[in-house]
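Below: the structure, in structure tokens.
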Amino acid sequence: MGQSAEFGKFLKVMRARLQPEDAGALESSGSRRVPGLRREEVARLSGVSTDYYTRLEQGRNIHPSRAVLDAVARALRLDAGEQAHMMDLLEHCASSAGNPGPVQKVRPALQQLLDAVGDVPAMVLGRRADVLAGNRMAHLLFTDFTLLPAAERNLTRWLILDPAAGALFRDWKTVAAEAVGALRMDVGRHPNDPETNQLVGELAVHSEHFRQWWAGHRVATRAAGAVRLHHPVVGDLELNFETLGLPDDADQHLRIYSAKAGSPSSDALTLLNFGDLGTQAEVPEPEPARRDDS
């Protein structure tokens, strides 16, 4: 295994978030000049020397065993997602220069599947949460990503920079912070990716929220859950989502949103679907009030 500067930064941030009593370390005498645990406290809890842990945090080119890494993870109270991210940062050591990955494409059969589940919103997400494809209901519920420039077809970018996303998600901060955490995970698996670096730079320039979340090194791995929305056409919805990995398509995931049968949210999805079909139907003389001549 190699080592990257990001690995050391991650350990430092995780150490800073803990207090001695939280990690089971004995309170030492004297005032603390830095937040969180001291290096020597993490070293003691991990069963390694202070010098060894310091070299880990400084990004030195050393090769810790899995037992040591597991001990450090326990000392820092890392959850499963954080521990996986730590291992990614260590294993996928950043090289001097990154190369663009292969162009992400959606198989025709997968697009056919998206269209077949046309009553519920569904999309295919790739690296960095790039929106590779979506069905009509996803476009109606969120935004039509196909109308955006190719470089802007990214769910995280849309969530953070588009005011319409902030108005749509009733728990916007939670949803956006989780999206940033998922982007962190992607960076750990694919360090020095040029497109990812460009996305991170753009978000950092334009969003204070993003800068704070990114500095916190939070990671997120939630593949299922619920979202609360306020849609400008059909009002409030509460939807469940499932994110399914696609084994034959590297770094691609299918995300499907659904509502409980018979619920007001299910009725709202039906109204969104039926209302859009109604606007597309041919009628002899459309009412002037429904026309958009702008």
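Each value in this text was obtained by applying a stated rule to the coordinates, not by laboratory testing. In this text, all values refer to a predicted model and were calculated from it rather than measured experimentally. Cβ: placed from backbone, ideal geometry, glycine included. Neighbour counts: every protein chain shown.
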Just checking, does region 235-255 include any residue being among the hydrophobic types (A, V, I, L, M, F, W, C), farther than 20 Å from GLY126 by Cα and more than 17 Å from the chain's Cα centre (by Cα)? yes
Considering region 37-74, residues that are part of a helix (DSSP H, G or I) and polar (S, T, N, Q), and then whichever is surrounded by the fewest Cβ atoms within 10 Å (Cβ to Cβ), we arrive at THR50
